[in-house]
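The values are calculated or read from the model by the stated rules, or taken from the named source; none is laboratory data. Note that this is a predicted model, so its numbers are computed, not measured. Cβ sites come from the backbone with ideal geometry, for glycine too, and all protein chains shown count toward neighbours. What goes into the accessible areas is simple: the full protein's heavy atoms, side chains included, and nothing from ligands, DNA or RNA. Shrake-Rupley method; radii C 1.70, N 1.55, O 1.52, S 1.80 Å.
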Amino acid sequence: MFARWSRLWNDRRARVAAPVPQAIGDAAFHNTQSGIAQWDAAECLVAANDRVAAMFGLRRECLQPGLSFRDFIGLSVETGHLDGRDADEVYALAMPLIRRRTPVTYDEQLSAGRVLRVAYRPLDDGGWLATYEDVTEHQQAQAQVAFMALHDSLTNLANRALLLDRLQEALARVGEVAVLFIDLDRFKEVNDTLGHRAGDMLLRFVASRLSNSFRQSDTLGRLGGDEFAVVLTPGSHEAAAAAARQIIDVLGRRFEIDGHDVTIGASVGIALAPADGADRDTLVKNADLALYAAKADGRGTFRFFEQTMQDRLRVRRALETDLRSAIALQRLELFYQPLVSTRTGTVAGLEALMRWRDPDRGMVPPSEFIPVAEASGLIVPLGAWSIERACADLALLPPHLRVAVNLSAVQFGSDALLPTVRDCIAAAGVAPGRLELEVTESTLMHDTARAVAVLDALRAEGVRIAMDDFGTGYSSLSYIRNFPFDKVKIDKSFIDDLGQPRGSDAIVRAVAGIANSLGIETVAEGVERLDQYRRVAAEGCDLVQGFLFSRPVPLEDVPRVVAAIDAGAVVPRSDSARPALTVVGSGRNHVLVS
């Protein structure tokens, strides 16, 4: 190549000078980051700066005045900087642009992915000025920005915007499309127990497994948090069901995160076009409703959208709206159910239970409005109100009685819990030990260290702590030892099985024995019959609670209920026989007396 250049240079050296082009200044010509070359009307090089040689991989000596434009292209091809293309082909593409005698700019692809932005500007003498700018990094940055605008930064999957665009395209192109919404089961537990770094690793592993489960024609994306989505094209009922089963299968397998074995799972909601909607927004909404139904069915399953889901959503939204109104208008109340001592047969405390009396619906069961309150975030103000109301009611009750209030998981995780408890106790002027806060196992298991810290802080204020519904989840006796409980409430399901073959007698006896040895009170929940009362008392339970003594009643009925129980109306002091019971009052205000 150098010998060829030498001959060309000797042929032209005598007739061509090498001045700095008058079209630009000397400093700009030599110091700019762009390559600059001037060519005359005969297509011969007038002058070129060092950047041109560097950009095309040429020795500086190659760019001598008199070099033809065609040979310049040939030298650049020989160095491999024009990506192995034929020199004649490159020349044939460039010259028509130059001969237009109008400014023109285009991008030239070089080898190794580099890109030059080439600009030709005609000169008055028939020649032209060429400038070359390396825009590789700029284009890569632009491509990265464009990619990030349409992809999730953690998983590199399509984000919501791109997923919706692909769905819109699929609807226009194919018509038969399936949208699958995926929610990871138990992801929060991983985040809370192993930390956010482990959670991020898990999300990337999930993305990888899902990516290997779909075709190129499908679009997989992350909607945010632990929610993913897939657009299947074409997407029949059978194909969507098969895809959902595969998702549940691959995400149900074990993951290894930082040396920990992690098992999660997934729930899937499916909407089909055109049956469940012909437009993008309707399909997305209906897939989300189907996902909500799948999670409500116990997770680890999939559901297709049904019109009844839309109807249930309308009912739920109406219930949420009315609940907000009820909170604002103070239509909620606390009812109280007695806890009776098995040693004395008298009332030792009360559990506060929230009730909602709606003008149109009547008494709305907590099982209906509490889940709505938790999902909508209303449970936090409701929980704060219940503590405030219970403390105020405590001030009106005999000083030996305690009141227990249930805490939701959301409320327990709120930083406002401790100040709320402290302020409510102070405002009511009651002894802190008269207030008990009940927590469930699910509230404690996500972040054990934080749970212990919160419980310790509450106990430091003098508040008592009870574990509610013991035995309904993964509870073990280690919970009683590891958490600072004052009371453990044995779930009603164990009380119902007492006296049966392979019943719960031994379990109740073990829980009561271990708790009592640690100075923790035990409560048997759901005691409805006298024989159950006698059994739990014999097994060592300190307190009982249930319909045997009273249903929950409003505050104004508490004195009469307490007086009746303390007088032996339900369990006589001799315990020789159960007296006849008479209901005094009507409706919600009934009281049992002998």
Of the listed residues (ASP258, ASP288), the one being in contact with a helix residue (DSSP H, G or I) (Cβ under 6 Å, 6 or more places away or on another chain) and either more than 30 Å from ALA375 (Cα to Cα) or modelled with pLDDT of 90 or more (or both) is ASP258
Inspect region 533-555 for any residue being acidic (Asp, Glu) and surrounded by fewer than 20 Cβ atoms within 10 Å (Cβ to Cβ) and give the result as yes or no. no
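Restricting region 322-340 to residues that are in a helix (DSSP H, G or I) and charged (D, E, K, R), which is most open to solvent (accessible area, probe 1.4 Å)? Please lay out each step first, then the result.
First, pick out the residues of region 322-340 that are in a helix (DSSP H, G or I): 322-328.
Now restrict to residues that are charged (D, E, K, R): 322, 324.
Working: ASP322: 55, ARG324: 113 Å².
It comes out as ARG324.
Which residues, taken from region 144-158, are in contact (Cβ under 8 Å) with a residue 40 or more places away in the chain and surrounded by fewer than 16 Cβ atoms within 10 Å (Cβ to Cβ)?
Let us first name the residues in region 144-158 that are in contact (Cβ under 8 Å) with a residue 40 or more places away in the chain, namely 152, 154-158.
Hits for region 144-158 are LEU154, ASN156.
Of all residues being β-branched (Val, Ile, Thr) and open to solvent by 20 Å² or more (accessible area, probe 1.4 Å) in region 69-104, which is farthest from the chain's Cα centre (by Cα)? Just the residue, please. Spell out the reasoning first.
First pass over region 69-104, keeping only residues β-branched (Val, Ile, Thr): 73, 77, 79, 90, 98, 102, 104.
From what's left, open to solvent by 20 Å² or more (accessible area, probe 1.4 Å): 77, 79, 102, 104.
Details: VAL77: 54, THR79: 54, THR102: 56, VAL104: 51 Å.
Among those that are β-branched (Val, Ile, Thr) and open to solvent by 20 Å² or more (accessible area, probe 1.4 Å), it is THR102.
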Please specify each residue of region 180-235 satisfying the condition of being within 16 Å of GLU256 (Cβ to Cβ), touching a helix residue (DSSP H, G or I) at 6+ places or on another chain (Cβ under 6 Å) and either open to solvent by 30 Å² or more (accessible area, probe 1.4 Å) or part of a strand (DSSP E or B) (or both). ARG209
In region 430-470, residue least open to solvent (accessible area, probe 1.4 Å) [restricted to those that are part of a loop (DSSP other than H, G, I, E, B) and either over 17 Å from GLY383 (Cβ atoms) or at pLDDT below 85 (or both)]: VAL430
Which ones in region 510-525 are farther than 14 Å from THR342 by Cβ and either touching an Asp or Glu at 6+ places or on another chain (Cβ under 7 Å) or among the charged types (D, E, K, R) (or both)? ILE520
Answer residue from region 341-363, given it is in a strand (DSSP E or B) and of a type in the set (Lys, Arg) and is nearest to LEU396 (Cα to Cα) among those: ARG355
Go through region 245-285 and give me each residue that's without any contact (Cβ under 8 Å) to a residue 60 or more places away in the chain and assigned to a strand (DSSP E or B). PHE255, GLU256, ASP261
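Restricting region 366-405 to residues that are hydrophobic (A, V, I, L, M, F, W, C) and part of a loop (DSSP other than H, G, I, E, B), which is most open to solvent (accessible area, probe 1.4 Å)? Explain how you work it out, then say what you get.
Of all residues in region 366-405, those hydrophobic (A, V, I, L, M, F, W, C) come to 369-370, 372-373, 375, 378-380, 382, 384-385, 387, 390-392, 394-397, 401, 403-405.
From the residues that got through so far, the ones that are part of a loop (DSSP other than H, G, I, E, B) too are 378, 395-397, 401.
On the way: LEU378: 16, ALA395: 58, LEU396: 128, LEU397: 16, LEU401: 2 Å².
So the residue we want is LEU396.
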Taking region 478-531, which residues are open to solvent by less than 60 Å² (accessible area, probe 1.4 Å), under 39 Å from the mean Cα position of the chain (by Cα) and of a type in the set (Asp, Glu)? ASP486, ASP491, GLU521, GLU525
Going by the structure shown, is GLY66 under 56 Å from the mean Cα position of the chain (by Cα), open to solvent by less than 60 Å² (accessible area, probe 1.4 Å) and farther than 18 Å from TYR120 by Cβ? no
